[in-house]
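In what follows, a single structure is set out as structure tokens and then discussed.
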Amino acid sequence: MISTSLVLCACAAVAMTMSIQSVEEMQYTKDPPAFCHKLDCPRYEVVQTFKDYELRSYLSSMWVATNVTQMQFTEDDKKKQFNKLLDYISGQNDRSEKIAMTAPVLQTILHGQGPDCESTFTLHFMVPFNLQNSPPQPKASDVYITSLEPMDVYVRVFSGYANGTSTQTNLQTLADDINDSTKYIPNPYYDAVYDNPFQILDRHNEVWLQAKK
Ligand SMILES: *[C@@H]1O[C@H](CO)[C@@H](O)[C@H](O)[C@H]1NC(C)=O
Ligand SMILES: *[C@@H]1O[C@H](CO)[C@@H](O)[C@H](O)[C@H]1NC(C)=O
Ligand SMILES: *[C@@H]1O[C@H](CO)[C@@H](O)[C@H](O)[C@H]1NC(C)=O
């Protein structure tokens, strides 16, 4: 009798753990947001909503990336990086595989500490879900596969076109709104662009600051 009830108990415990895990998974795997335009985009959970920003939690994910370290970074530089990543998904990889476009186009900007004021600008495309576990290797030597670790980020959404100026302004507004520099890591910061340049209205861009644990 005792052993039977123990077994039942153990089963109930297992069932409970499983249902809790699946609820957590569900929060990350529900339908992608409309601004992803039905492209694969990294799943997240909204941890907290504030007046003009939100705190999101992202799972880890694989991306293809390329970077440059320099003092100035122009729209032309960004276009060159974009084209390198486009080449990768168009078949310039070790399986000559065509890979679906994903969202967003994520840029990381890491300001250097040195006197020369150089920063590292990294552009990323997310690897589609079906290739996350085995992405083809890029042929270009300056394009590489990298993982973004699980992280919480403060996110501010803005419309129009993301460029150096609008990104800086929105990043400053986000930092002002958070109003507590102990809550985030200021360097690097991120901007995420979800629309192609031909979409003029209703553009959705984001700036991210990584939350401190
Ligand atoms: C920049 O790219 C190179 C490969 O081209 C890589 O080895 C390096 O780690 C990258 N740097 C950063 C800061 O991500
Ligand atoms: C940057 O974007 C903003 C807002 O979309 C726009 O007003 C501004 O003219 C742009 N600046 C440049 C240099 O393209
Ligand atoms: C920002 O935080 C300070 C305390 O650190 C507080 O005095 C101030 O009112 C806050 N500003 C806003 C706009 O909430």
Subtract the Cα-Cα distance of C36 and L201 from 0.36 nm times their separation in residues, and report this length gain in nm to one decimal. 57.9 nm
Sort region 36-117 into rounded, prolate or oblate with this rule: let a ≥ b ≥ c be the square roots of the eigenvalues of the Cα gyration tensor; rounded if a/c is under 1.5, and if a/c is not under 1.5, prolate when a/b is larger than b/c, oblate otherwise. oblate
Return one whole number: the accessible area per residue of region 88-134 in Å², for a 1.4 Å probe. 48 Å²
Which residue fluctuates the most in the chain, going by a Gaussian network model with Cα springs under 10 Å, if the choices are V105, V155, V47? V47
In degrees, nearest 10, range 0 to 90: what is the angle between the Cα axis of helix 2-29 and the longest Cα principal axis of the chain? 20 degrees
Need the full-extension length gain, S166 to D180, defined as separation in residues times 0.36 nm minus the C-alpha distance. One decimal, nm. 2.8 nm
Peptides 74-86, 117-129: what's the order by average Cβ count within 10 Å, highest mean first? 117-129, 74-86
Name the residues whose placed amide hydrogens come within less than 5 Å of the amide hydrogen of V47, ignoring near sequence neighbours (fewer than 5 apart) on the same chain. L55, R56, S57
Pop out the ³J(HN,Hα) list for region 42-57 in order, Karplus 6.51 cos²θ - 1.76 cosθ + 1.60 with θ = phi - 60°, rounded to Hz; leave Gly and Pro as x. x, 7, 8, 10, 7, 7, 7, 10, 10, 4, 10, 7, 9, 9, 10, 10
Carbon/sulfur fraction of accessible area - region 37-155, other protein chains in place, 1.4 Å, %: 51 percent
Computed ³J(HN,Hα) along region 112-126: with the Karplus parameters 6.51/-1.76/1.60, θ = phi - 60°, integer Hz and x for glycine or proline, the list is x, 8, x, x, 7, 6, 7, 10, 9, 10, 10, 9, 10, 10, 6
Helix 75-89 versus the longest principal axis of the chain: what angle, 0 to 90°, nearest 10, using Cα atoms? 50 degrees
Checking a compactness column here: for region 37-211, what do you get for Rg(Cα) / (2.2 N^0.38 Å), N being the number of residues? 1.03
Averaging 1/r across every pair of distinct alpha carbons in region 38-80 and inverting yields a Kirkwood hydrodynamic radius, in angstrom, of 14.0 Å
Estimated inter-spin distance, L110 and Q137, nm [label 7 Å along Cα→Cβ]: 2.2 nm
Spatially close lysines, pair count over region 37-211: Cα under 26 Å, gap of eight or more or interchain: 15
Surrounding charge for Q70, neighbours by C-beta under 9 angstrom, Lys/Arg +1, Asp/Glu -1, total -2
How far apart, in nm, are two points set 7 Å out from the Cα along the Cα-to-Cβ line at N130 and at D52? 4.2 nm
Helix-only [θ] at 222 nm, the chain, -39500 (n - 2.57) per DSSP H run of 4+, per residue, nearest 500, equals -9500 deg cm²/dmol
Can you give the accessible area per residue of region 155-213, in Å², using a 1.4 Å probe? 53 Å²
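The values are calculated or read from the model by the stated rules, or taken from the named source; none is laboratory data. These figures come from a predicted structure and were not determined experimentally. Because the Cβ atoms are built from the backbone with ideal geometry, glycine has one as well, and the counts that use them run over all protein chains shown. Only protein heavy atoms, including side chains, enter the accessible area calculation; ligands, DNA and RNA are left aside. Shrake-Rupley method; radii C 1.70, N 1.55, O 1.52, S 1.80 Å.
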